[in-house]
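First comes the structure, then the notes that go with it.
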Amino acid sequence: MANEKKVAPAENRSDTAPFGTINYILFAAGLIVITAGWFLLRAGHISLSPLMLILGYCVVIPVAIILKPRSGKSSSPGKKK
């Protein structure tokens, strides 16, 4: 019992989910853009399909991962309900 370690509670830990609704919507939109790009590539559209694939892989999916969800409890001071 002398070797028991006490773990300090995490002070910066939040109990919210890491992703919000907008993150999941952006991720789904990115998957749709990527899937459409692959179908266009298969159909022979060699100018539009690479653009859609790069947009999906390099813009939409990373934005969906990086974007932090807003907390729902904070309100702007100028607005009243």
Residues of the stretch 34-47 classified as in contact (Cβ under 8 Å) with a residue 12 or more places away in the chain and either surrounded by fewer than 13 Cβ atoms within 10 Å (Cβ to Cβ) or under 15 Å from the mean Cα position of the chain (by Cα) (or both), total: 0
Residue list for the stretch 48-71, filter: buried (at least 18 other Cβ atoms within 10 Å of the Cβ) and hydroxyl-bearing (Ser, Thr, Tyr): Ser49
Given (1) assigned to a helix (DSSP H, G or I); (2) at pLDDT below 70, index of the condition Ser75 fails: (1)
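The values are calculated or read from the model by the stated rules, or taken from the named source; none is laboratory data. Note that the coordinates shown come from a computational prediction; the quantities given were computed from them, not determined experimentally. FYI the Cβ positions are ideal-geometry reconstructions off the backbone, even for glycines, and counts take in every protein chain you see.
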